[in-house]
Amino acid sequence: MKVILIDSGTTNSRLRLYDKTTCEVLDTEKIRIGVRDTAISGSNTNLKAHLKQGLERLLTRNQLRATDIEYMAASGMITSNLGIFEVPHILSPAGMADFAKSAKVTKLEEFLQIPCVFIPGMRNKVNSTDDKDLAAAINNFDVLRGEEVESFGLLKQFDVKGKGMIVLPGSHTKFVAVDENKDLLSCLSTLGGETLQAIQKETILSDSLDSRLIGKIDHKMLEYGYEAAKQHGLTRSFYHIRLLDLFSELDENQRANYFAGSVIYYDLLALSQSAEEIDEIDWLIVGGSNPLRKAFTHLLRYMNHKWKIIEAEDQQVEYSLVFGATEILSNCQHLSFTE
């Protein structure tokens, strides 16, 4: 039987046609739209329309009708207030059964009345929400939507023991703490990826950086950018890109690596300052897409050569969302797809 798995994030969405019998992804439809469009426009109408069109293309390309799909599963920002069907976050710590218990199934016109399971995200459990302590406590708050599925899918593919950390760079960098039982303990997020894109597109640095940013990883320039941010601060290291363009022979790719290194330094600084037991973890798995995956892997090793750092391969990243979603759905016996 065939199902469709939807992962809709901040800037992009993917629909995967999956065969449960063969455990194979048959086709993928990538759509360049996410909830950032909703945040900017104030309406999710465009998001709904593009997802429906993508779904129709996927079915047509594979000579399928809506009735040929047993169900769909959706995760990511599509389940947020900016998405299509909001499902409240569950509290950490949480295992697969907890996510399954809070999943919701519904039929929507934009999904051609195919039953769709919406998988909830997770938020950190914080003891105090008193406004008087908010300034001190705000860094303890955080949320996941979609990365919980990716995390479980990566854990299924790696034989790791003990406590660990899953690193998921993207539009937002996500650090997900995992316990010995492979439950998700907490999360930490930054705007790392969006910062790279926004600074490149909307500042004077547009003239010094290619719109694609990193074309090829340059380890030395990543390290130079990392050290520049560490010594001189983030915004000064940004201006270094302009100065390197004016006064050095470095090309756009080298400058982009320097730029990425400076942003990643502050992501890793946030991790080291927020995770109290960071030095006690047994492993780190780095997922997400390249080139950020390779950049993070290198700088994590540069930061601490004692850590056991595992870089996921492209296929492992691709299947992490598939395996994570299907594992959670296997715990959803309480849901009915026929109502």
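For SER289, state whether it is surrounded by fewer than 22 Cβ atoms within 10 Å (Cβ to Cβ), hydroxyl-bearing (Ser, Thr, Tyr), out of contact with any strand residue (DSSP E or B) (no Cβ under 6 Å at 6 or more places or on another chain) and modelled with pLDDT under 95. When the stated conditions are applied, SER289 passes them. Scanning the range 94-127 for residues that are touching a helix residue (DSSP H, G or I) at 6+ places or on another chain (Cβ under 7 Å) and among the β-branched types (Val, Ile, Thr) yields a count of 4. Of the strands (runs of 3 or more DSSP E) that lie entirely inside the range 2-45, those containing 3 or more residues that are open to solvent by less than 30 Å² (accessible area, probe 1.4 Å) and closer than 21 Å to LYS156 by Cα span 2-8, 13-19. Within the range 46-70, count every residue that is assigned to a strand (DSSP E or B) and surrounded by fewer than 21 Cβ atoms within 10 Å (Cβ to Cβ). Number of matching residues: 1. Taking the criterion of being among the basic types (Lys, Arg), without any contact (Cβ under 8 Å) to a residue 12 or more places away in the chain and either open to solvent by 40 Å² or more (accessible area, probe 1.4 Å) or part of a loop (DSSP other than H, G, I, E, B) (or both), would at least one residue in the range 180-194 satisfy it? No, every residue in the range 180-194 fails to be among the basic types (Lys, Arg), without any contact (Cβ under 8 Å) to a residue 12 or more places away in the chain and either open to solvent by 40 Å² or more (accessible area, probe 1.4 Å) or part of a loop (DSSP other than H, G, I, E, B) (or both). The set of residues in the range 53-67 being out of contact with any helix residue (DSSP H, G or I) (no Cβ under 8 Å at 6 or more places or on another chain) and under 27 Å from PHE99 (Cβ atoms) consists of GLY54, LEU58. Could you tell me whether any residue of the range 226-244 is open to solvent by less than 50 Å² (accessible area, probe 1.4 Å), under 28 Å from GLY9 (Cα atoms) and either modelled with pLDDT under 95 or not hydrophobic (A, V, I, L, M, F, W, C) (or both)? Yes, that holds for at least one residue.
Given the conditions (1) open to solvent by less than 30 Å² (accessible area, probe 1.4 Å); (2) of a type outside the set (D, E, K, R); (3) under 24 Å from GLY146 (Cα atoms), which single one is not true for ASN257? ASN257 satisfies all of (1) open to solvent by less than 30 Å² (accessible area, probe 1.4 Å); (2) of a type outside the set (D, E, K, R); (3) under 24 Å from GLY146 (Cα atoms) except (3). Take the conditions in contact (Cβ under 8 Å) with a residue 40 or more places away in the chain and either open to solvent by less than 10 Å² (accessible area, probe 1.4 Å) or touching an Asp or Glu at 6+ places or on another chain (Cβ under 8 Å) (or both) and apply them to LYS101. Does it pass? The answer is no for LYS101. Of the residues screened, PRO93 is one that is open to solvent by 60 Å² or more (accessible area, probe 1.4 Å) and either farther than 19 Å from SER320 by Cβ or without any contact (Cβ under 8 Å) to a residue 12 or more places away in the chain (or both). Scanning the range 161-179 turns up at least one residue that is open to solvent by 30 Å² or more (accessible area, probe 1.4 Å), within 25 Å of ILE6 (Cβ to Cβ) and out of contact with any Lys or Arg (no Cβ under 9 Å at 6 or more places or on another chain).
The values are calculated or read from the model by the stated rules, or taken from the named source; none is laboratory data. What you see is a predicted model, and the numbers here were worked out from it, not measured in a lab. So basically every Cβ, Gly included, is an ideal-geometry build from the backbone, and we count neighbours across all protein chains shown. Areas reflect the complete protein model, heavy atoms only, side chains present, ligands, DNA and RNA absent. Shrake-Rupley method; radii C 1.70, N 1.55, O 1.52, S 1.80 Å.
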